[in-house]
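Worksheet: the structure to be examined is printed underneath.
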């Protein structure tokens with residue numbers, strides 16, 4: 001009985017050590033996945049949000065983006081939008097809030113591929129977005145490009161991927 | 001039974017209703033059911049809820065169905081099949097969202113739409129499942145050896161607002177189980 005208890009305790013300690021290592025020294029793929037999930041959270045907003053929250057969310061979005069980034073998005077209705085730097089994108093996000101009012105964003109099926117030199121990565125995911133008053137979710141496939149800049153993984157590219165060519 | 005109070009009889013029958021007369025057997029049956037369901041819904045059937053109107057009138061918004069992942073284990077996708085397509089071209093990627101579309105073009109064929117009619121290798125193809133008027137004009141696309149052409153049944157909106165086009169064989173998850181109102 002004592003031996004079994006010791007074995008269970010040892011297994012628990014090993015599991016705790018493995019979990020702690022993953023928590024304090026996460027793998028790049030995990031860091032990128034967490035960044036994307038954070039982006040989905042701060043990209044969601046409600047018409048009841050105050051100005052402070054809006055500015056704070058915009059700043060948090062900006063902290064995930066590289067200064068020079070390239071964004072090409074296919075929007076509903078056949079339009080597409082292109083941005084070539086972080087500031088233009090953040091201004092567009094702030095300008096869209098009074099128009100869109102409510103936005104729910106979810107990122108699912110995230111797949112991250114690291115480059116061989118582990119300095120860049122590509123993440124593919126499915127985005128589900130619902131604007132206030134609309135009954136249907138907009139569903140798109142997105143491709144994010146990440147680069148390790150100053151020790152942090154920042155988004156350097158974003159484009160819509162058409163599942164049907 | 002003599003000597004038993006109504007209260008104890010009630011608790012006895014409540015226990016029987018909950019776990020049966022032989023709880024161990026009930027537990028074993030439950031374990032088998034859970035395992036069988038896990039295998040069935042992990043490897044064979046994908047439950048789906050239809051969202052949107054692109055497959056009207058065959059498949060309505062909010063309808064429930066299943067994608068049969070084993071449909072093409074011993075066969076190839078055929079024209080007219082309604083299939084679930086993953087959005088990613090990566091066959092190993094997980095999926096919480098699928099596109100539900102009808103297969104209208106096979107590998108090697110040339111697909112186009114003219115005046116709302118589907119044309120395969122330049123010849124018009126009859127589509128008996130189409131119920132809504134369409135006036136699509138879409139230029140020809142030639143399909144590669146691993147390419148299929150997919151489109152929804154509801155072509156009453158402009159083609160730019162409808163997801164249609166070419167996908168590879170690896171994007172096909174399976175065929176819809178219940179064929180809807182065709």
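Output the residues belonging to the stretch A:42-62 that are part of a helix (DSSP H, G or I) and surrounded by 14 or more Cβ atoms within 10 Å (Cβ to Cβ). If you could, list the steps in order and put the result at the bottom.
Filtering the stretch A:42-62 down to residues part of a helix (DSSP H, G or I) leaves A:42-43, A:51-62.
Answer for the stretch A:42-62, where residues must be part of a helix (DSSP H, G or I) and surrounded by 14 or more Cβ atoms within 10 Å (Cβ to Cβ): A:42, A:43, A:54, A:57, A:58, A:60, A:61, A:62.
Please determine, by comparing only the residues of the stretch B:156-165 that are more than 9 Å from every other protein chain (Cβ to nearest Cβ) and not in a helix (DSSP H, G or I), which one is nearest to residue B:56 (Cα to Cα). Walk me through how you get there before you give the answer.
As a first pass, look at the stretch B:156-165 and keep what is more than 9 Å from every other protein chain (Cβ to nearest Cβ): B:156-157, B:159, B:162.
Next, only the ones that are not in a helix (DSSP H, G or I) stay: B:156-157, B:162.
Values: B:156: 10, B:157: 12, B:162: 12 Å.
Here the answer is B:156.
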Legend entry - Selected residue [within 14 Å of chain B (Cβ to nearest Cβ), under 16 Å from the mean Cα position of the chain (by Cα) and either in a strand (DSSP E or B) or in contact (Cβ under 8 Å) with a residue 12 or more places away in the chain (or both)] from A:73, A:158, A:142: A:142
Inset, instruction - Considering only the stretch B:40-155, give the strands (runs of 3 or more DSSP E) lying wholly within it that have at least 2 residues that are in contact with a strand residue (DSSP E or B) (Cβ under 6 Å, 6 or more places away or on another chain) and farther than 16 Å from residue B:171 by Cα. - result: B:45-49, B:64-68, B:110-114, B:117-120, B:138-142
Legend entry - Test: residue A:61 is touching a residue at least 40 places away in the same chain (Cβ under 8 Å), under 16 Å from the mean Cα position of the chain (by Cα) and more than 14 Å from every other protein chain (Cβ to nearest Cβ): no
Inset, instruction - Evaluate the stretch B:49-61: report whether one residue or more is assigned by TED's automatic domain parsing to the domain that holds residue B:147, in contact with a helix residue (DSSP H, G or I) (Cβ under 6 Å, 6 or more places away or on another chain) and touching a residue at least 40 places away in the same chain (Cβ under 8 Å). - result: no
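Looking at the stretch B:66-99, which of its residues are over 19 Å from residue B:150 (Cα atoms), within 13 Å of the chain's Cα centre (by Cα) and at pLDDT 90 or above?
First, pick out the residues of the stretch B:66-99 that are over 19 Å from residue B:150 (Cα atoms): B:70, B:73-74, B:92-94, B:96.
Within this subset, residues satisfying the condition of being within 13 Å of the chain's Cα centre (by Cα) are B:70, B:96.
Correct list: B:70 only.
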Legend entry - Residue list for the stretch A:96-139, filter: within 11 Å of chain B (Cβ to nearest Cβ) and outside any strand (DSSP E or B): A:135, A:136, A:137
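The values are calculated or read from the model by the stated rules, or taken from the named source; none is laboratory data. Just so it is clear, the structure is predicted and the values come from calculations on it, not from any experiment. Virtual Cβ from ideal backbone geometry, glycine too; neighbours counted across all protein chains shown.
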